[in-house]
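Note sheet for the following structure.
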Amino acid sequence: MHPKRRLSSRASGILSALNIPSNKELSGVYDGQWKGSGEAIESVCPTTGEVLARIRTASPADVSETLTKTREAYFQFRDVPAPRRGEILRQIREKLANKREELGALVTLEMGKIRSEGVGEVQEFIDICDYAVGLSRMMNGRIVASERPGHSILEVPNPLGVVAVLSAFNFPVAVYGWNLALSLAAGNATIWKPSPTTPLTSIAVTSIIAEVLSKNNLPGALAGLVTGGQPVGEVLVGSKEVELVSFTGSERVGRIVGQAVVSRFGKSILELGGNNASIVMPDADLSLAVPGVFFGAVGTAGQRCTSTRRLFLHRDIAPEFLQRLQKLYASLKPGDPLDDNTLLGPLHTPAAVNLYESTVEYLRSIDADILFGGKGYEMTPYYGGNFVQPTIAVPKSVEMSDRIWSTETFAPILNVAIFDELEEAIRWNNAVPQGLSSSLWTRDLRNVGKWTGPSGSDAGIVNVNAGTSGAEIGASFGGNKSTGWGRESGGDAWKQYVRWSACTINFSNEAPLAQGVNFNIE
Ligand code: UN1
């Protein structure tokens with residue numbers, strides 16, 4: 001047992017509002033029952049360094065057991081009519097909405113993002129539940145005209161099976177929400193492996209869903225939870241009992257996950273690195289563009305997949321833009337992300353601080369101009385917090401294959417380059433391996449056409465006068481190229497969570513073959 005410790009009142013209030021006990025080890029596995037026999041991990045607050053809780057994670061045997069329960073739950077749930085499944089989602093939505101502030105605060109406590117973003121992320125889960133409730137009456141197939149008389153061809157969506165969701169630390173609620181909502185509407189069972197550094201949030205979310213399932217006499221394993229690290233992920237990714245793996249994380253791990261899933265002919269949705277650019281034209285409204293880029297680069301302390309990492313400024317407006325942007329950066333004060341006035345919280349882990357520091361060091365080694373930041377803060381609100389200064393740098397080279405431009409650093413570092421023609425900036429936008437999000441700031445319709453057309457941005461998200469981050473749930477979310485081509489959330493994303501069948505039905509008294517083929521014995 002670990003020694004008794006007293007939790008700060010800052011943390012204990014948030015945990016108790018969600019009925020999370022702070023005086024004992026928590027079970028990090030749920031399959032209808034709370035359990036866990038794997039390693040113990042600690043949830044550490046990024047703001048203060050305090051240990052928030054100790055959690056017993058899943059052993060490989062726990063994962064297998066949970067998978068068995070999850071499959072049984074799927075067998076039961078697939079026969080529940082879709083609108084009835086929507087009703088379950090409506091109830092989950094209600095429960096989440098009732099706990100919106102409390103859950104948002106927990107995200108802030110455990111992940112470190114500021115409170116309005118923590119709450120916003122819970123809102124994103126609520127929104128996708130609304131969407132999936134509607135979807136539960138609209139997951140339509142099609143009737144295709146047959147070339148044969150007295151025949152109909154139907155394209156039919158049916159439930160798929162078990163969906164494993166492997167989510168990242170930076171959106172510990174919303175990304176699971178996108179997947180769970182579509183997966184349940186489609187009639188599947190879900191098993192969730194959250195990031196090992198945000199176990200408390202996953203336990204709180206799972207408890208809320210479990211209550212709804214139990215009230216409706218449905219098995220808890222419909223929304224199973226297996227906390228833990230790589231060994232847990234490996235079992236899920238390798239298991240034939242998992243039809244679809246939805247993975248959010250780095251390109252490095254995504255490559256391993258994608259290959260493992262395809263080698264057993266499973267389905268995957270990959271949401272990997274972003275290396276997103278904003279382009280600012282001389283005709284842009286700078287009163288929108290400057291704060292837009294500021295939020296894109298500094299919001300969530302630069303820890304969104306969609307964060308703005310590259311900024312391409314037209315030569316005519318570059319000096320003014322940078323001056324105004326630096327003014328905003330200078331006004332930032334690091335603070336407790338729970339405090340409503342704070343815009344800049346800590347990075348999630350000390351490892352992220354190291355990554356930030358080594359990238360800044362590299363920028364110095366290549367003689368980049370560091371216009372702002374480049375170090376930690378001398379005065380931070382808490383001694384144990386992972387605070388760093390958001391950084392603006394102008395590398396000498398604009399060769400996009402150079403490491404500084406072509407790799408995603410998950411920290412608030414914005415690299416700037418100056419261009420003369422939009423075509424050049426679009427070429428830079430597209431010249432990196434990743435293709436998640438992109439944004440153009442302009443008032444000229446001709447630029448908009450170029451940007452969104454065949455020779456425009458090759459990213460999955462192509463915005464105009466809106467930053468790279470902060471997408472709504474209604475459109476499908478995801479990126480191209482090394483971002484993995486996955487799509488989640490709205491749009492047609494639901495179509496990946498079902499198995500499609502083409503059903504030819506002959507209701508005539510003849511049995512003609514298609515394409516006029518003759519196969520008669522005469
Ligand atoms: C992520 O960073 O993994 O568009 C998801 C956004 C959010 C989701 C980001 N709605 O920034």
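The values are calculated or read from the model by the stated rules, or taken from the named source; none is laboratory data. Since we're looking at a predicted model, the values are computed, not measured. Reconstructed Cβ throughout: ideal geometry from the backbone, glycine too, with neighbour counts over all protein chains shown. Just so you know, the surface numbers come from the protein's heavy atoms only, side chains and all, with ligands and any DNA or RNA stripped out. Shrake-Rupley method; radii C 1.70, N 1.55, O 1.52, S 1.80 Å.
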Task: Only listed residue being within 16 Å of the ligand (Cβ to nearest atom) and either at pLDDT 95 or above or open to solvent by 30 Å² or more (accessible area, probe 1.4 Å) (or both), chosen from Val212, Val175 - done: Val175
Open item on the list: Anything in the range 343-401 that is open to solvent by 60 Å² or more (accessible area, probe 1.4 Å), under 27 Å from the mean Cα position of the chain (by Cα), under 17 Å from Glu110 (Cα atoms) and of a type outside the set (A, V, I, L, M, F, W, C)? List them, or say none.
Closed with: Pro350
Open item on the list: Test of understanding: among Leu332, Leu270, which residue is part of a loop (DSSP other than H, G, I, E, B) and open to solvent by 10 Å² or more (accessible area, probe 1.4 Å)?
Closed with: Leu332
Task: Test: residue in the range 422-431 that is part of a strand (DSSP E or B), over 12 Å from Ser278 (Cβ atoms) and not aliphatic (A, V, I, L, M) - done: no
- [ ] Look through Glu155, Glu124, Glu117 and report the one residue that is more than 17 Å from the chain's Cα centre (by Cα), of a type in the set (Asp, Glu) and open to solvent by 10 Å² or more (accessible area, probe 1.4 Å).
- [x] Glu155
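Within the range 485-509, track down each residue that is within 16 Å of the ligand (Cβ to nearest atom) and more than 21 Å from Gly161 (Cβ to Cβ).
Hits for the range 485-509 are Trp485, Gly490, Gly491.
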- [ ] With the checklist (1) open to solvent by 30 Å² or more (accessible area, probe 1.4 Å); (2) hydroxyl-bearing (Ser, Thr, Tyr); (3) within 16 Å of the ligand (Cβ to nearest atom) in hand, flag the one item Ser263 doesn't pass.
- [x] (3)
Open item on the list: With the requirement that a residue be under 25 Å from Ala174 (Cβ atoms) and over 20 Å from the mean Cα position of the chain (by Cα), what does the range 289-302 give you?
Closed with: Pro291, Gly292, Val293, Phe294
TODO: Determine the pairs where a residue that is closer than 16 Å to Ala210 by Cβ and modelled with pLDDT under 95, located within the range 73-85, has a partner that is buried (at least 17 other Cβ atoms within 10 Å of the Cβ) and polar (S, T, N, Q) with Cβ atoms under 8 Å apart, the partner being 6 or more residues away or on another chain.
DONE: none
- [ ] Output the residues belonging to the range 468-481 that are within 15 Å of the ligand (Cβ to nearest atom) and either surrounded by fewer than 24 Cβ atoms within 10 Å (Cβ to Cβ) or assigned to a loop (DSSP other than H, G, I, E, B) (or both).
- [x] Thr468, Ser469, Gly470, Ala471, Glu472, Ile473, Gly474, Ala475, Ser476, Gly478, Gly479
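To keep it simple, each residue is scored yes or no on (1) acidic (Asp, Glu); (2) surrounded by 23 or more Cβ atoms within 10 Å (Cβ to Cβ).
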position: Ser27; (1), (2): no, no
position: Asp31; (1), (2): yes, yes
position: Ile41; (1), (2): no, no
position: Arg56; (1), (2): no, no
position: Lys69; (1), (2): no, no
position: Tyr74; (1), (2): no, yes
TODO: Give the residue that is farthest from Ser469 (Cα to Cα), with candidates limited to residues of the range 109-137 that are outside any helix (DSSP H, G or I) and within 15 Å of the ligand (Cβ to nearest atom).
DONE: Gly112
- [ ] Pull up the range 286-313, narrow it to residues that are of a type in the set (Val, Ile, Thr) and in a helix (DSSP H, G or I), then point me to the one that is surrounded by the most Cβ atoms within 10 Å (Cβ to Cβ).
- [x] Thr300
Task: Test result for Ala168, aliphatic (A, V, I, L, M), open to solvent by less than 10 Å² (accessible area, probe 1.4 Å) and touching a Gly at 6+ places or on another chain (Cβ under 6 Å) - done: no
TODO: Please work out if Val205 is touching a Leu at 6+ places or on another chain (Cβ under 8 Å) and within 21 Å of Gln496 (Cα to Cα).
DONE: no
- [ ] Taking the residues in the range 78-108 that are touching a Pro at 6+ places or on another chain (Cβ under 8 Å) and under 20 Å from Ala53 (Cα atoms) as candidates, determine which candidate is farthest from the ligand (Cβ to nearest atom).
- [x] Thr108
Task: Meets criteria (within 16 Å of the ligand (Cβ to nearest atom), surrounded by 15 or more Cβ atoms within 10 Å (Cβ to Cβ), of a type outside the set (D, E, K, R) and not in a loop (DSSP other than H, G, I, E, B)) for Ser439 - done: yes
TODO: Would you be able to tell me the number of residues in the range 232-269 that are under 24 Å from Thr197 (Cα atoms) and of a type in the set (Asp, Glu)?
DONE: 2
Open item on the list: So Glu510 passes all but one of these: (1) more than 30 Å from Gly187 (Cβ to Cβ); (2) surrounded by fewer than 20 Cβ atoms within 10 Å (Cβ to Cβ); (3) under 19 Å from the mean Cα position of the chain (by Cα). Which condition number does it fail?
Closed with: (3)
Task: Unique residue being buried (at least 20 other Cβ atoms within 10 Å of the Cβ) and away from the ligand (no atom under 16 Å from the Cβ) when the list is Asn188, Asn140 - done: Asn188
Task: Residues satisfying the stated conditions in the range 122-149, i.e. without any contact (Cβ under 8 Å) to a residue 24 or more places away in the chain and among the charged types (D, E, K, R) - done: Arg142
Task: Single residue of Gly470, Gly474, Gly478 found to be out of contact with any Asp or Glu (no Cβ under 7 Å at 6 or more places or on another chain) and on the phi > 0 side of the Ramachandran plot - done: Gly470
- [ ] Would you please name the residue that is nearest to the ligand (Cβ to nearest atom), looking only at residues in the range 452-467 that are in a loop (DSSP other than H, G, I, E, B) and of a type in the set (A, V, I, L, M)?
- [x] Ala466
